[in-house]
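The values are calculated or read from the model by the stated rules, or taken from the named source; none is laboratory data. These figures come from a predicted structure and were not determined experimentally. Here the Cβ positions follow ideal geometry from the backbone for every residue, glycine too, while neighbour counts run over all protein chains shown. Remember, those area values only see protein heavy atoms, side chains included, never the ligands or the DNA or RNA. Shrake-Rupley method; radii C 1.70, N 1.55, O 1.52, S 1.80 Å.
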2 protein chains.
Amino acid sequence: MLRLSTKGQYGVRAMYEIARGSVAGPVTIKEISEKQHVSVAYLEQILNKLRRSGIIRSVKGPGGGYVLARDPGSISIGEILKELEGPVAITSCLDPKEGCVRVDSCVTHLLWKSLGDNIERFLDGMKLQDLLQGNQLMGLDRRDTGKNTHAARRGRPA
Amino acid sequence: MLRLSTKGQYGVRAMYEIARGSVAGPVTIKEISEKQHVSVAYLEQILNKLRRSGIIRSVKGPGGGYVLARDPGSISIGEILKELEGPVAITSCLDPKEGCVRVDSCVTHLLWKSLGDNIERFLDGMKLQDLLQGNQLMGLDRRDTGKNTHAARRGRPA
DNA sequence: TAATAGCCGAGTATTTCTGTCAAGTATTTA
DNA sequence: TAAATACTTGACAGAAATACTCGGCTATTA
Ligand code: FES
Ligand code: FES
């Protein structure tokens, strides 16, 4: 249950490659395709969306490719996924494009909303930078409370 | 993104009705159908699965219907959903039935695993009882750390 | 035995997903 | 300017999952 589409998955992996290679100049679709085992044609579709959203920039012509438009520390996984798959919407009632008439009398609305918020908080908090550094484990708690900080939270001091 | 199927949604709503009405005897599919606006035929399919898993029991014949097989405080939303939609598996690589060969070299595996665990913790922690009592808001933190307990955690003392 | 209510397996329409394809545009270098 | 490189765009098609429906059967009770 709750599966992510391949578009979202490939998108994140592509962004990882771009972030990784950007330091040495633009990264071509072909490179991403080879390293991440995704077809060039499919990647075109994905990267186009991300470019339109302003999250990456493209450079045409020989020597061209894609470059990060912003700092990897300011780009969240949530942002990438939302661009490719739309907002987190556990149910159609939670989708801003659909909505629901009987929200008020609904027993489960708040439950799904709460779950959705939880997921969104996770995805927005996880940055591309974390992926680069291998900090893919989000601590059990999102906030340090001073006490039980034995297992979690490497990196991202600020 | 990350939408729950209607089966899961209806399943939870049906369980709510059964829990609610169980005190006054078995609840019929027809009643659930009317109260939750889901067709009888579809509900049959859903409740059958839940019955086979032992989460509810059925009573045949006139005056029959469905009854909770266990205490509503011991039945979690996660349990209901897993029975109807299979395990939480953000990607196919996380699905126990599929798996992946290059887990070790994968940059994103841990990320999705972490997200999945997060979701599962939420769903397993939320009980049917909470739905009955209107405690559908899961606090921002799942655990009380002694300090900042101003906003969260009503009910379920043990 | 007749009415009630659940049990079960198949089947189908629809939608979403997962890509492919072909033709085009922009940029750089020789 | 011509060739080569790379991105751009929209349409489309096969596969899979979803969201149901249908028809007939079984158990229980009055
Ligand atoms: S039915 Fe729309 S919010 Fe529950
Ligand atoms: S490709 Fe399977 S775990 Fe990432």
Report summary line: FRET efficiency for B:Arg102 and B:Thr6 from the Cβ-Cβ distance with R0 = 22 Å, rounded to 0.05, comes out at 0.05
Report summary line: Sorting from shortest, the nanometre distances separating the label point of A:Gly86 (7 Å past Cα along the line to Cβ) from those of the same residue in the other copies are 2.2
Query raised in the report: Accessible area lost on pairing B with A, both sides, 1.4 Å probe, Å² to nearest 100?
Result: 4700
Report summary line: Computed over region B:1-56, the Cα gyration tensor eigenvalues, each multiplied by 5 and square-rooted, give semi-axes in Å (largest first) of 19, 13, 11
Report task. On a 0 to 90° scale, report how tilted helix B:109-125 is relative to the longest principal axis of chain B, with both axes built from alpha carbons and the result rounded to the nearest 10. Result -> 30
Query raised in the report: Among all the aspartates and glutamates, which ones have a C-alpha under 17 Å from A:Lys113's C-alpha, if same-chain residues fewer than 8 places away are not counted?
Result: A:Asp95, A:Glu98, A:Asp104, A:Asp124, B:Glu120, B:Asp124, B:Asp130, B:Asp141
Report summary line: So the angle from the long Cα axis of helix A:40-52 to the longest Cα principal axis of chain A, reported in degrees to the nearest 10, equals 70
Query raised in the report: From largest to smallest, what semi-axes in whole angstrom does region A:51-126 give when each is the square root of 5 times an eigenvalue of its alpha carbon gyration tensor?
Result: 35, 14, 6
Report summary line: From DSSP H assignment alone, runs of 4+ in the protein assembly as shown each adding -39500 (n - 2.57), the sum over residues rounded to the nearest 500 puts [θ] at 222 nm at -13500 deg cm²/dmol
Query - Cβ-placed point charges (K, R +1; D, E -1), dipole of chain A about Cα centre in debye, nearest 20 - result: 260
Requested in this report: Note down the relative contact order for region B:1-120 as a percent, whole number, built from C-alpha pairs under 8 angstrom at least six residues apart.
Outcome: 23
Query raised in the report: Exactly which GluC sites (Glu not before Pro) in region B:81-135 are in a DSSP loop and have at most 16 other Cβ atoms within 10 Å?
Result: B:Glu98
Query raised in the report: Between rounded, prolate and oblate, where does the protein assembly as shown land on the alpha carbon gyration tensor, with a ≥ b ≥ c its root eigenvalues, rounded for a/c under 1.5, else prolate if a/b exceeds b/c?
Result: prolate
Report task. Kindly report the accessible area of chain B per residue (heavy atoms of protein chains, probe 1.4 Å, no ligands, DNA or RNA), in Å². Result -> 51
Requested in this report: Determine the alpha carbon to alpha carbon distance for each of B:Lys7/B:Lys127; A:Lys49/B:Lys97; A:Lys82/A:Lys127; A:Lys49/A:Lys97; B:Lys60/B:Lys82 and list only those over 21 Å.
Outcome: A:Lys49/B:Lys97; B:Lys60/B:Lys82
Query raised in the report: Semi-axes of region A:1-117's equivalent ellipsoid from the Cα gyration tensor, sqrt of 5 times each eigenvalue, largest first, rounded to whole Å?
Result: 34, 13, 12
Query raised in the report: Using the alpha-carbon atoms, what tilt in degrees (0 to 90, nearest 10) does helix A:6-21 show relative to the longest principal axis of chain A?
Result: 50
Requested in this report: Please sort by residue number the trypsin sites (Lys or Arg not before Pro) in region A:29-121 whose DSSP state is loop and whose Cβ has at most 14 other Cβ atoms within 10 Å.
Outcome: A:Lys60, A:Arg70, A:Lys97, A:Arg102
Query raised in the report: How far is it, in nm, from the label point at B:Arg121 to the one at B:Val40 when both lie 7 Å from their Cα along the line to the Cβ?
Result: 4.5
